[in-house]
Amino acid sequence: MDDARIWQYEKELWTGGNQVYSERVSKDCVMGLPAEPYVFTGEQATKAVQDTPRWDEVEFLDTQVSRPQEGLIVIAYRVQAKRADKSYHAVCTSTLRRLAHEEWDVVQHQQTPLGVIVADPADA
């Protein structure tokens, strides 16, 4: 997958709906998100993002792409996302795995929000 397609693929995950997640997020995915329980695995990860509202606008900054081995792509970026009157800024990583020719899924995703204090579960 070339770089332009990688970023289009990632953008569609931010702006697409449940069908995009069902097709592109692996049932084995591991996610680190800024909401309880913070670490999500398997179908829990897919469900966690399926129910979140989609973003209308997404801009990726400081993009990095690594291809550590055939069929594996790791990306890192800073995102600025907007919908209605809400904006979200975060540093993210995702790992994509090739399943077959031109068929990929997400096996890892992590978000660290910028400018937001996330509650520490140890303080609860």
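Over region 3-116, what relative contact order in percent results from Cα pairs under 8 Å that are six or more residues apart? Mind dumping the intermediate values first?
Values: 212 pairs, mean separation 26.6, N = 114.
Computed over region 3-116, the figure is 23 percent.
Can you give the FRET efficiency to the nearest 0.05 for Glu23 and Glu59, using r as the Cβ-Cβ distance and R₀ = 25 Å? With a Förster radius of 25 Å, E is 0.60. Give me the percent of Cα-Cα pairs in the chain that sit more than 25 Å apart, rounded to a whole number. Roughly 20 percent, once rounded to a whole number. Each label point is 7 Å from the Cα along the Cα-to-Cβ direction; what then is the distance between the points at Arg83 and Glu12, in nm? In this crude label model, Arg83 to Glu12 measures out at 1.9 nm. Between Gln69 and Tyr38, the simple spin-label model (points 7 angstrom out along Cα→Cβ) gives 3.0 nm.
Coordinate-derived values only; no laboratory data. Quick caveat, the model's predicted, so the values are computed rather than measured. Every residue, glycine among them, receives a Cβ derived from its backbone with ideal geometry; neighbour counts consider all protein chains shown.
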